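The values are calculated or read from the model by the stated rules, or taken from the named source; none is laboratory data. Values in this document were obtained by computation on a predicted structure and should not be read as measured data. A quick note on method: Cβ atoms are made from the backbone with ideal geometry, for glycine too, and the neighbour counts reach across all protein chains shown.
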Amino acid sequence: MVASILFTKFDTGVVVCVLLFLFVSPITSFSTDNIRTDPGTGLFIHIPTQRVKFFHGVNVVSKIFPFLPDTINEDTENSLTKTDMSNLHNEWGFNAVRLGVMWVAVEPTKGAINSTYLQNVRELSDLLFEHGLYTLVDGHQDVLGPDLCGEGFPLWAVRRAFELQKFDRTGAFSHFPLPWLFEIDRDNITGFPERSQCVEHLFIDYYSSFGVSTAFGSLYKEPEMYKYFASYWQNVASTFSGAPGLLAYEILNEPGPGDVYDPLYWPSDRQNLFALYNETLKSIRQVDDDTILFFEGVPTSQYIGDYLKGSSDLLAPEGPGGVEYGDREAFAFHLYCPPGTNEFICDGMIDLNWEWLRRTKARMKTTKATLMTEFGAVGNDPASIRLLNKVLTAAEALQQSWFYWTYRSYGDITTQNSDTETFFFPNGSIQSNKIKALSTTYPQSVAGVPSSIHYYFDRVDSTFGLHYITTKSDCGIDNSNTTEIYLNEAMWYSNGYVVNVSKPLVWKSSRKNYIEVEHPCGVFSGEYMVYVKIYAK
């Protein structure tokens, strides 16, 4: 079957450029559209209206120079134009983008901050919000940098990580990808491993190479590396602090296991990552005290935890910010089947992954917030759609927000299936089966008590159900007493739909693909159970 390829991402190399300087500013004003988490349920709360928000998003991570999507030209593999934004939100119901803001783009040369790039990504974030899309700022990397078939970190940082460990990256017994016995040719000009050969091997194998293992170990152990990484994030946070539509910062995408060849190594997320995350949090909080920080554990440890009934201890019992930041910290995770698994094994891994997540959340005391920031990378064929439906049905049962990988390829040099993982075929036409699977009915905003909210969607007959207890709304704030639900009329309700809501409440639709359920201001607050049902005609 095709599951093993469909649910696997492969990661490799990067390029550098333009330099300017940016000075860190003091803490800016509180965002008018701030999002926090509810520590008890882990759901997201829109502070001005106190409504619960659910996010369905896509990844937009440009892995090669200029490390930005193309906002001008339509229908290219790098496009993220106003048309794209309108389609994503108005037609397909997405309300967030995970936007790659990689260290190599922010600080390509040590100490030289590319302020033009930061200004451009901030302007893009603002434009996304004008089109109904929140931004999750993603500190993306895959296998660190071009010395290691990866991208995301600047070359100077990776080389310094080697130096701090006295590691000879070109040595006869230490050069990449040793201890793997296959060889990868080097580019005659850059000396980096050839990208075309990098993707011929499983990127997960590279994490156990001497080079990658040493570099991640240095990042996790060396205070000097903490300082560099935290400084990068402080510049990013200074740029985005107070931005409208800023959802969160995700500090480090898919962290490597660390130095697995260190005799004292132990596969603990908390032991390996906590010090780095703690220093990064301190730097960010100097310029932005409001925004949620997402912390991700080691994906390979997640796979092991699936099988051994383990869990991540990263935020157990609390995150780097402690109790004080319980409503501004959360756990990020990815869901992919390991390379080489067939459909039967992949199904089992998906089930084990959700059990792993439940165990992980049970250990988290100051926050219960989690976000699936990557999954998918699949095609448009029946096996892919079946797997998508399996993942998404389970996510809905947990009321889990998510981000699909990926909207377009954006120079995804670290994948083997860039032609299939996106929303589009190589000729530019949409992968309609995939979009339909992702574009299901769900509540984007609920004016309800977080612990009372439950919703579901039936992918066979298009039936949607939602119930919740009303909250006390502020009559002076717009939309605080309104629940908003997205539904794809063309794909799931082509013959129309019927909406039933609890009497005496009423619903309305003031725009295509969205309905609103309004509670009379000041009535039923905190005591009324609302039921909403949507049926296809």
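For the stretch 50-80, which residues satisfy the criterion of being over 19 Å from residue 138 (Cβ atoms), in a strand (DSSP E or B) and of a type outside the set (Lys, Arg)? Passing the criteria: only 52. What are the residues in the stretch 328-338 that are crowded, with 19+ Cβ neighbours inside 10 Å and in a loop (DSSP other than H, G, I, E, B), if any? Passing the criteria: 328, 336, 337.
In this structure, residue 109 qualifies as in contact with a Leu (Cβ under 7 Å, 6 or more places away or on another chain), among the polar types (S, T, N, Q) and at pLDDT 95 or above. Considering only residues that are of a type in the set (Ser, Thr, Tyr) and under 20 Å from the mean Cα position of the chain (by Cα), which ones fall in the stretch 402-441? Residues satisfying the conditions are 404, 406, 407, 409, 410, 414, 415, 418, 420, 422, 439, 440. Quick check on residue 373: is it in a loop (DSSP other than H, G, I, E, B), in contact (Cβ under 8 Å) with a residue 12 or more places away in the chain and in the same structural domain as residue 305 (by TED's automatic domain parsing)? No: the conditions fail for residue 373.
Table: residues versus (1) of a type outside the set (Ser, Thr, Tyr); (2) surrounded by fewer than 16 Cβ atoms within 10 Å (Cβ to Cβ).
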residue: 471; (1), (2): no, no
residue: 480; (1), (2): no, no
residue: 487; (1), (2): yes, no
residue: 509; (1), (2): no, yes
residue: 512; (1), (2): yes, yes
residue: 527; (1), (2): yes, yes
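For the criterion of being crowded, with 19+ Cβ neighbours inside 10 Å, in a helix (DSSP H, G or I) and of a type in the set (Asp, Glu), residue 306 passes.
Could you check, for the stretch 222-242, whether at least one of its residues is in contact with a His (Cβ under 7 Å, 6 or more places away or on another chain) and either polar (S, T, N, Q) or buried (at least 22 other Cβ atoms within 10 Å of the Cβ) (or both)? Looking for residues that are in contact with a His (Cβ under 7 Å, 6 or more places away or on another chain) and either polar (S, T, N, Q) or buried (at least 22 other Cβ atoms within 10 Å of the Cβ) (or both), one finds none in the stretch 222-242, hence no. For residue 258, state whether it is small (Gly, Ala, Ser) and either in contact with a strand residue (DSSP E or B) (Cβ under 7 Å, 6 or more places away or on another chain) or surrounded by 24 or more Cβ atoms within 10 Å (Cβ to Cβ) (or both). The answer is yes for residue 258.
State whether the residues of the stretch 159-171 include one that is surrounded by 17 or more Cβ atoms within 10 Å (Cβ to Cβ) and within 22 Å of residue 411 (Cβ to Cβ). Checked the stretch 159-171: no residue is surrounded by 17 or more Cβ atoms within 10 Å (Cβ to Cβ) and within 22 Å of residue 411 (Cβ to Cβ). Looking only at residues in the stretch 131-158 that are aliphatic (A, V, I, L, M) and closer than 30 Å to residue 292 by Cα, the one that is surrounded by the most Cβ atoms within 10 Å (Cβ to Cβ) is 143. Across the stretch 489-507, the number of residues qualifying as farther than 27 Å from residue 133 by Cβ, surrounded by 14 or more Cβ atoms within 10 Å (Cβ to Cβ) and in contact (Cβ under 8 Å) with a residue 40 or more places away in the chain comes to 0.
What's the number of the condition residue 196 fails, among (1) of a type outside the set (Val, Ile, Thr); (2) within 22 Å of the chain's Cα centre (by Cα); (3) closer than 21 Å to residue 415 by Cβ? Evaluating residue 196 over (1) of a type outside the set (Val, Ile, Thr); (2) within 22 Å of the chain's Cα centre (by Cα); (3) closer than 21 Å to residue 415 by Cβ leaves (2) as the failure.
Of all residues in the stretch 37-77, those satisfying the criterion of being charged (D, E, K, R) and within 17 Å of residue 428 (Cβ to Cβ) are 70, 74, 75, 77. What number of residues in the stretch 181-201 are aromatic (Phe, Trp, Tyr) and out of contact with any Lys or Arg (no Cβ under 7 Å at 6 or more places or on another chain)? Qualifying residue count, the stretch 181-201: 1.
Within the stretch 193-200, can one find any residue that is over 14 Å from residue 146 (Cα atoms) and in a loop (DSSP other than H, G, I, E, B)? Yes; the residues of the stretch 193-200 include at least one that is over 14 Å from residue 146 (Cα atoms) and in a loop (DSSP other than H, G, I, E, B).
For the stretch 95-127, taking the residues that are assigned to a loop (DSSP other than H, G, I, E, B) and out of contact with any His (no Cβ under 6 Å at 6 or more places or on another chain), the one that is surrounded by the fewest Cβ atoms within 10 Å (Cβ to Cβ) is identified as 111. The set of residues from the stretch 282-340 being among the aliphatic types (A, V, I, L, M) and either touching a helix residue (DSSP H, G or I) at 6+ places or on another chain (Cβ under 8 Å) or over 16 Å from residue 36 (Cα atoms) (or both) comprises 284, 287, 293, 298, 304, 308, 314, 315, 316, 335. Would you check if residue 399 is without any contact (Cβ under 8 Å) to a residue 60 or more places away in the chain, within 24 Å of residue 132 (Cβ to Cβ) and either of a type in the set (D, E, K, R) or surrounded by fewer than 22 Cβ atoms within 10 Å (Cβ to Cβ) (or both)? Spelling it out, it is not the case that residue 399 is without any contact (Cβ under 8 Å) to a residue 60 or more places away in the chain, within 24 Å of residue 132 (Cβ to Cβ) and either of a type in the set (D, E, K, R) or surrounded by fewer than 22 Cβ atoms within 10 Å (Cβ to Cβ) (or both).
I'd like the residue in the stretch 202-221 that is surrounded by fewer than 18 Cβ atoms within 10 Å (Cβ to Cβ) and more than 16 Å from residue 162 (Cα to Cα) and, out of all such residues, is modelled with the lowest pLDDT. Applying the filter and picking the extreme gives 202. In the stretch 424-441, the count of residues that are among the aromatic types (Phe, Trp, Tyr) and assigned by TED's automatic domain parsing to the domain that holds residue 370 is one or more.
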